[in-house]
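Visitor: This is the structure, below, for whatever I ask next.
The values are calculated or read from the model by the stated rules, or taken from the named source; none is laboratory data. Just so you know, these numbers come straight off a predicted model, no measurement behind them. Here the Cβ is made from the backbone with ideal geometry for all residues, glycine too, and neighbour counts use every protein chain on show. Just the protein is used for accessible areas: all its heavy atoms, side chains included, with ligands, DNA and RNA removed. Shrake-Rupley method; radii C 1.70, N 1.55, O 1.52, S 1.80 Å.
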Amino acid sequence: KNQIDLFRDENIPLQEQDQKLATEYQACRAAMMVTYQGQEITFQQAWKWLECTDRDARKEVFDFMAERQLLDKQKTHELLDQMIDIRLQQAKNSWYTSYINYIYAAKWRFDYTPDDVAQFRHAIKTAVTPLYIEQLRSRKEELGIEKLMPYDLGVDPSWLPPLHPFETAEELIQKTITGLTELDERFGERISKLNDQWLFDLASRKGKQPW
């Protein structure tokens, strides 16, 4: 009934355009690379440098990532603006005053409302945010720095080197199989079966959307 109530013929091409723009946006993000220490790496691969104990290295990589994103700033903003316009039009076509209310219905969000989410945001702001701010103060003191920066949030505050539990995607899979097998052999067997059928694509590479 909900789908019937929301359906509008004029929204079909708009939904197609929306999906096309979203795919283009994701492709733009996935193509972003940075060159560090003579290697071209993905953003996902660059993130590991934000965990290292060398603050100068963290700042350098963070700046490279920010600069790379700024190169496509206009393109990504234009894509997002187009998607906003298309989504607002879909809502209007379905007689909704806002896209928020429309998308709640379109995604079958019947057990909570935008007002419930607003209350949740307020609860986070009043109860969680002060704790997080205090945590950031403690991190700054532990790191012994004058000003905490975004590239200081991933490093271990005790100056311990970052963990490297695996180096390759295959090593990750094999260690996952080993660990899950210790819990229950069936888990390990299923991961092995998925791997044998080439159903995993875990390695980071240019053009692959990491998030």
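Visitor: Could you pull out the residue among Lys140, Lys147 that is of a type in the set (Lys, Arg) and surrounded by fewer than 13 Cβ atoms within 10 Å (Cβ to Cβ)?
Guide: Residue meeting the stated conditions: Lys147.
Visitor: Could you go through the range 172-179 and let me know if any residue there is in contact with an Asp or Glu (Cβ under 7 Å, 6 or more places away or on another chain), of a type in the set (Val, Ile, Thr), open to solvent by less than 50 Å² (accessible area, probe 1.4 Å) and under 29 Å from Thr53 (Cα atoms).
Guide: no
Visitor: Wholly within the range 1-102, which helices (runs of 4 or more DSSP H) include no fewer than the required count, namely at least 2 residues that are under 19 Å from the mean Cα position of the chain (by Cα) and not aliphatic (A, V, I, L, M)?
Guide: Result: 11-30, 43-46, 55-71, 73-93.
Visitor: How many residues are open to solvent by 90 Å² or more (accessible area, probe 1.4 Å), more than 26 Å from Leu153 (Cβ to Cβ) and assigned to a helix (DSSP H, G or I) when one looks only at the range 111-137?
Guide: Final tally of qualifying residues: 2.
Visitor: OK, next. Which condition number does Met83 fail, the rest of (1) closer than 30 Å to Pro114 by Cα; (2) open to solvent by 20 Å² or more (accessible area, probe 1.4 Å); (3) out of contact with any Ser or Thr (no Cβ under 8 Å at 6 or more places or on another chain) being met?
Guide: Of the numbered conditions (1) closer than 30 Å to Pro114 by Cα; (2) open to solvent by 20 Å² or more (accessible area, probe 1.4 Å); (3) out of contact with any Ser or Thr (no Cβ under 8 Å at 6 or more places or on another chain), the odd one out for Met83 is (2).
Visitor: Could you tell me whether Gln39 is of a type in the set (S, T, N, Q), without any contact (Cβ under 8 Å) to a residue 24 or more places away in the chain and either open to solvent by 80 Å² or more (accessible area, probe 1.4 Å) or on the phi > 0 side of the Ramachandran plot (or both)?
Guide: yes
Visitor: Taking the range 97-109 on its own, how many of its residues are open to solvent by 70 Å² or more (accessible area, probe 1.4 Å) and free of Cβ contacts under 8 Å to residues at least 12 places away in the same chain?
Guide: 3
Visitor: Here is a follow-up. Which residue out of Ala118, Ala203, Ala123 is touching a residue at least 12 places away in the same chain (Cβ under 8 Å) and either of a type in the set (A, V, I, L, M, F, W, C) or more than 30 Å from Cys52 (Cβ to Cβ) (or both)?
Guide: Ala203
Visitor: Still on this model: Any residue that is polar (S, T, N, Q) and surrounded by 13 or more Cβ atoms within 10 Å (Cβ to Cβ) - is there at least one of those in the range 153-161?
Guide: no
Visitor: Next up: Kindly indicate whether any position in the range 161-181 is closer than 24 Å to Ile41 by Cα and in contact with a strand residue (DSSP E or B) (Cβ under 9 Å, 6 or more places away or on another chain).
Guide: Within the range 161-181, none of the residues are closer than 24 Å to Ile41 by Cα and in contact with a strand residue (DSSP E or B) (Cβ under 9 Å, 6 or more places away or on another chain).
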